[in-house]
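> Handing you this structure, nothing more for now.
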Amino acid sequence: MTTAIKKASALALAGAFAAALLMTASTNSAKAADDFEKCFGVSKAGGNDCASEGNNSCAGTSKADYEGKAWKLVKTGTCTSLEVEVKSADGSTAKRKGSLAPISG
């Protein structure tokens, strides 16, 4: 067997292995995505997974705790049972539950 044939065989084997890994990863990702939902208003500053709009549209960029438009992935069915304590402008606090839709205000 020549060196060129050995290299071609090794590349083909590596390509097949990489393709198999990618197929497995995408199957696991699709399954995992079904187990989670977006929950708005429950992430700490810098702890969001993303946002619906505004200055924190990328993961980890929220500036304040529990921004209503920032979301975090949580296990499906748990969002609306999560409760956070939100501070208002006057310094008082109020409890608020997570939401499946962006929270205005």
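> Could you list which residues have their amide H under 5 Å from that of Asn48, counting only those 5 or more apart in sequence or on another chain, with H placed in the peptide plane?
Placed amide hydrogens put Gly60, Thr61, Ser62 under 5 Å from Asn48.
> Could I ask something else about it? For region 55-99, what does the accessible surface come to per residue with a 1.4 Å probe? Please give it in Å².
Values: 2960 Å² over 45 residues.
For region 55-99, the per-residue accessible area is 66 Å².
> Taking 0.36 nm per intervening residue step and subtracting the Cα-Cα distance, what contour gain separates Thr61 from Ser81 on full extension? Let's see the in-between values first.
Working: separation 20, 0.36 × 20 = 7.20 nm, distance 2.44 nm.
So the chain would gain 4.8 nm between Thr61 and Ser81.
> Can I ask one more? Tell me, rounded to the nearest percent, the portion of alpha carbon pairs in region 60-102 spaced more than 14 Å apart.
Values: 460 of 903 pairs.
Summing the P(r) tail past 14 Å for region 60-102 gives 51 percent.
> What order, most packed first, do the peptides 76-85, 58-67, 40-49 have when packing is the mean number of other Cβ atoms within 10 Å of each residue? If you can, show how the numbers build up before the last one.
On the way: 76-85: 13.0, 58-67: 16.6, 40-49: 19.7.
Ranked by mean Cβ neighbours within 10 Å, highest first: 40-49, 58-67, 76-85.
> Moving to a separate point now. Could you please report the charge total around Lys95, scoring K, R as +1 and D, E as -1 over all other residues with beta-carbon less than 13 angstrom from its beta-carbon? Don't skip to the answer; put the middle values down first.
Working: positive: Lys87, Arg96, Lys97; negative: Glu83, Glu85.
That sum, taken over residues with Cβ under 13 Å, equals +1.
> Give me the aspartates and glutamates in straight-line cross-link reach of Lys97: C-alpha distance below 17 Å, same-chain residues under 8 apart excluded.
The qualifying aspartates and glutamates are Glu37, Asp65, Glu67, Glu83, Glu85.
The values are calculated or read from the model by the stated rules, or taken from the named source; none is laboratory data. All figures in this text were calculated on a predicted structure; none of them were measured in a lab. Note that we place each Cβ from the backbone using ideal geometry, even for glycine, and neighbour counts take in every protein chain shown. Just so you know, the surface numbers come from the protein's heavy atoms only, side chains and all, with ligands and any DNA or RNA stripped out. Shrake-Rupley method; radii C 1.70, N 1.55, O 1.52, S 1.80 Å.
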